[in-house]
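**Student:** Before I ask anything, let me first share the structure, which is written out below as structure tokens.
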Amino acid sequence: MALRNAVVVGGNRTPFTKAGGRFAAASAQDLLTSALDGLVARFGLAGEQIGQVSAGAVLKHTRDFNLTREAVLGSALSPHTPTSDVGMACGTGLEAITTIANKIRLNQIDNGIAGGADSASDAPIVVSEPLRRAVLKASRARNVLDRIKAFGTLGPADLLPVPPSVDEARTGLSMGESQALTTKKWDISREAQDELTLASHQNLARAWDSGFFDDLVTGYLGVTRDTVLRPDTTLEKLAKLKPVFGRGDDASMTAGNSTALSDGAAVVLLAEEEWAREHGWPTLARIVDTQTAAADYVTGKEDLLLAPTRAIPVLLQRNNVDLDSFDFIEIHEAFASTALATIKALEKNGVGTVDRSKLNVNGSSLAAGHPFAATGARIVASLAKILAEKGPGSRGLISVCTAGGQGITAILEAI
């Protein structure tokens, strides 16, 4: 059976907001449903059965065990639309897109929707292990007395909630602390980080002002633009911020050149190329290929957020292309120093040099925000549109790092 082409038809997302801001009362399900309904309205899909919707969230409550299905049931899509939840930390959105694209290629479905959502405002609160076990024991008790006894061994400290944390289980370090080690190892200067941050804000502001996002973003709860964006920021303002990660005089990672905790959702509509044409849908760009990789960061031999540098060479070789073959390169800005270290590592390892004029031309996570599972779909939708505007044959490369020392990369090409 010949493989078919999976193409990006279009995308939609909510604006991204800082945690604790305008979306503070919205859950990941609320956000994902909103993003879906915006896409449904844009492409006239109300009541339609889609081949499959695949999405996920990183910060999931137990109530979100069937997140994507519940979002679809709450949307205007047909309830006959099947779903699946995907999880790959910050790579969730792109992994979901890979899932749908591969099903289209294999003739299992003709179309599908993929993406993700996260609400840092609504992060799950964890209870202590003794309290958790007591609650489970009480739930199995046969009478009131046994239920009371289940809590009898708890002390006051056991009743305190455990603050939300994204520390790496294997190292005990937060992502920022891990990246601080990478920043020092790769000799990434404060000035270089702030310059990349400024470019991200300027590029995103320019894209918003030009109307680029008019058919990619649907307002939600009165918010119509990304609230992390600071169009008026300057190198002087960024230089005044104090480091928040790293230690000593060489600490250089600030709240400005690190991504803000964010709320939002993003989805992408995919279809088989000929099927899309027959139904009058746009065919912005083809999903050419994707590749994942993992780094041995636990031993300290490799860096937590540089796993994409292991995936990119494999992806390029398999598709017989090099870095110079790309018109646009999207490197997820988990931190400014992550993108800069990725560029340095690719050059040092002989993969090639990233032309900075092609990098994140419409801004990225530093300016837009980073609702973990939504970032992949945001990037794919934006890149597909840029490629379509550039013209047939233009190519784009995507690199997304994730917690757990993993990474996912992709190639898109305009048709």
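The values are calculated or read from the model by the stated rules, or taken from the named source; none is laboratory data. The model shown is predicted, which means the values in this text are computed figures rather than measured ones. Glycine gets a Cβ as well: all are built from the backbone with ideal geometry, and neighbour counts include every protein chain shown. With ligands, DNA and RNA removed, areas are computed over all heavy atoms of the protein, side chains included. Shrake-Rupley method; radii C 1.70, N 1.55, O 1.52, S 1.80 Å.
**Student:** What are the residue pairs meeting all of these: first residue in region 8-34, first residue touching a residue at least 12 places away in the same chain (Cβ under 8 Å), second residue open to solvent by 50 Å² or more (accessible area, probe 1.4 Å) and aliphatic (A, V, I, L, M), Cβ atoms under 8 Å, and 6 or more apart or on different chains?
**Tutor:** Partner pairs satisfying both residue conditions: LYS18/LEU261; ALA19/LEU261; ARG22/LEU221; PHE23/LEU221; ALA26/LEU221.
**Student:** Which of the residues belonging to region 331-379 are over 15 Å from CYS401 (Cα atoms), open to solvent by less than 10 Å² (accessible area, probe 1.4 Å) and not in a loop (DSSP other than H, G, I, E, B)?
**Tutor:** ALA367, ALA368
**Student:** A further question follows. For region 210-229, check the following and say yes or no: at least one residue is acidic (Asp, Glu) and farther than 30 Å from ALA41 by Cβ.
**Tutor:** So far as region 210-229 goes, no, none of its residues is acidic (Asp, Glu) and farther than 30 Å from ALA41 by Cβ.
**Student:** Here's something else I'd like to know. Do the conditions hold for PRO164, that is, is it in a loop (DSSP other than H, G, I, E, B) and open to solvent by less than 60 Å² (accessible area, probe 1.4 Å)?
**Tutor:** No; evaluated as a whole, the condition is false for this residue.
**Student:** Find the helices (runs of 4 or more DSSP H) located wholly in region 73-154 whose residues include 2 or more that are surrounded by 24 or more Cβ atoms within 10 Å (Cβ to Cβ), and list them.
**Tutor:** By residue number, 92-105.
**Student:** Anything in region 387-400 that is within 27 Å of ARG225 (Cβ to Cβ) and open to solvent by 10 Å² or more (accessible area, probe 1.4 Å)? List them, or say none.
**Tutor:** Hits for region 387-400 are ALA388, GLU389, LYS390.
**Student:** Looking at region 251-266, can you tell me whether even one residue there is within 30 Å of GLY20 (Cβ to Cβ) and surrounded by fewer than 20 Cβ atoms within 10 Å (Cβ to Cβ)?
**Tutor:** Among the residues of region 251-266, at least one is within 30 Å of GLY20 (Cβ to Cβ) and surrounded by fewer than 20 Cβ atoms within 10 Å (Cβ to Cβ), which makes the answer yes.
**Student:** If you scan region 227-250, which residues turn out to be open to solvent by 30 Å² or more (accessible area, probe 1.4 Å), out of contact with any Gly (no Cβ under 7 Å at 6 or more places or on another chain) and of a type in the set (Ser, Thr, Tyr)?
**Tutor:** THR234
**Student:** Taking the residues in region 1-24 that are small (Gly, Ala, Ser) and in contact with a helix residue (DSSP H, G or I) (Cβ under 8 Å, 6 or more places away or on another chain) as candidates, determine which candidate is surrounded by the most Cβ atoms within 10 Å (Cβ to Cβ).
**Tutor:** Per the stated criteria, the residue is GLY11.
**Student:** May I ask you to list the residues in region 1-58 that are part of a strand (DSSP E or B) and closer than 15 Å to ILE113 by Cα?
**Tutor:** ALA6, VAL7, VAL8, VAL9, GLY10, GLY11, ASN12, ARG13, VAL53, SER54, ALA55 - these are the residues of region 1-58 that are part of a strand (DSSP E or B) and closer than 15 Å to ILE113 by Cα.
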